[in-house]
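Engineer: Below is a structure I'd like to ask you about.
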Amino acid sequence: MAIRYSKILFVAAIALFASLVAFGNITDYGSNFAFVQHVLQMDTVFPDATIGYRAIKSPWLHHAAYILIIGLEALTALLCGWGAWRLLTVVKASSREFNRAKSVAVCGLSLGFLVWQAGFMSIGGEWFGMWMSATWNGVPSAFRFLVTIMLVLIYLVLPDTELESS
């Protein structure tokens, strides 16, 4: 039973994390928007980098990208929160039922992984050269987030067995 509760709490912790990230991005829109804007404009990559043609200069595209990021972070939070709740409602059920109830949490964790791996590490870090910026480099933070999410996902999908009768 302790393993099931720990899985639920780990998923809930990711829901909390993604909620706080989305909340921070909404309530401090300007500060965090500046980050997205500088990454997309590629104005702090190495001066001799030849990838500058990838830069996006349009402010409305900066806002659209930022709103998409916030939406995906919020959706990650909602799916993980719903997934944790769903698991909590079947915590004492059969292993088959508990394992089947993991699907929403798996979707939330998978989306979170994709946001921080594909969005920040691949697109931001590599395509827009974010790693070159001394000021606007979110790759180390994104890596910490995606590894945490991935570890929770791996732990969650380990099959649960029947509970011992007491």
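The values are calculated or read from the model by the stated rules, or taken from the named source; none is laboratory data. This one's a predicted model, so the numbers in the text were calculated from it and none came from an experiment. Virtual Cβ from ideal backbone geometry, glycine too; neighbours counted across all protein chains shown.
Engineer: Could you run through the range 92-136 and say how many residues are surrounded by 15 or more Cβ atoms within 10 Å (Cβ to Cβ) and either in contact with a strand residue (DSSP E or B) (Cβ under 8 Å, 6 or more places away or on another chain) or part of a loop (DSSP other than H, G, I, E, B) (or both)?
Structural biologist: Residues that pass the stated criteria total 7.
Engineer: Of all residues in the range 75-134, which are more than 25 Å from Leu158 (Cβ to Cβ), touching a helix residue (DSSP H, G or I) at 6+ places or on another chain (Cβ under 9 Å) and small (Gly, Ala, Ser)?
Structural biologist: Listed by number, the residues that qualify are Gly119, Gly124, Gly125, Gly129, Ser133.
Engineer: Which ones in the range 41-87 are hydroxyl-bearing (Ser, Thr, Tyr) and either closer than 26 Å to Met150 by Cα or in contact (Cβ under 8 Å) with a residue 12 or more places away in the chain (or both)?
Structural biologist: The answer is Thr44, Tyr66, Thr76.
Engineer: Are any residues in the range 17-40 closer than 23 Å to Leu78 by Cβ, part of a helix (DSSP H, G or I) and without any contact (Cβ under 8 Å) to a residue 40 or more places away in the chain, and if so, which ones?
Structural biologist: Leu20, Phe23, Gly24, Thr27, Tyr29, Asn32, Phe33, Val36
Engineer: With respect to Leu68, is the statement that it is part of a helix (DSSP H, G or I) and either small (Gly, Ala, Ser) or under 14 Å from Leu156 (Cα atoms) (or both) true?
Structural biologist: No: the conditions fail for Leu68.
Engineer: Could you say whether any residue in the range 5-14 is closer than 19 Å to Thr148 by Cα, in contact (Cβ under 8 Å) with a residue 24 or more places away in the chain, aromatic (Phe, Trp, Tyr) and loosely packed, with under 14 Cβ neighbours inside 10 Å?
Structural biologist: Within the range 5-14, one or more residues are closer than 19 Å to Thr148 by Cα, in contact (Cβ under 8 Å) with a residue 24 or more places away in the chain, aromatic (Phe, Trp, Tyr) and loosely packed, with under 14 Cβ neighbours inside 10 Å.
Engineer: Every residue in the range 1-23 that is under 21 Å from Val115 (Cα atoms) and of a type in the set (S, T, N, Q), please.
Structural biologist: Listed by number, the list holds a single entry, Ser19.
Engineer: Also, quick follow-up: If you take the residues of the range 142-162 that are in a helix (DSSP H, G or I) and surrounded by 17 or more Cβ atoms within 10 Å (Cβ to Cβ), which of them is farthest from the chain's Cα centre (by Cα)? Write out each step before concluding.
Structural biologist: Within the range 142-162, the subset in a helix (DSSP H, G or I) is 142-157.
When the remaining residues are screened for being surrounded by 17 or more Cβ atoms within 10 Å (Cβ to Cβ), the result is 142, 145-146, 148-149, 152-153, 156.
Details: Ala142: 8, Phe145: 7, Leu146: 6, Thr148: 9, Ile149: 7, Val152: 12, Leu153: 12, Leu156: 16 Å.
Per the stated criteria, the residue is Leu156.
Engineer: One residue is enough: does the range 24-34 have a residue meeting the conditions at pLDDT 95 or above, among the aromatic types (Phe, Trp, Tyr), closer than 30 Å to Met132 by Cα and more than 13 Å from the chain's Cα centre (by Cα)?
Structural biologist: yes
Engineer: How about the range 103-141: which of its residues are in contact (Cβ under 8 Å) with a residue 40 or more places away in the chain, over 12 Å from the mean Cα position of the chain (by Cα) and more than 16 Å from Gly83 (Cβ to Cβ)?
Structural biologist: Gly124, Trp127, Phe128, Gly129, Met130, Met132, Ser133, Ala134, Thr135, Trp136, Gly138
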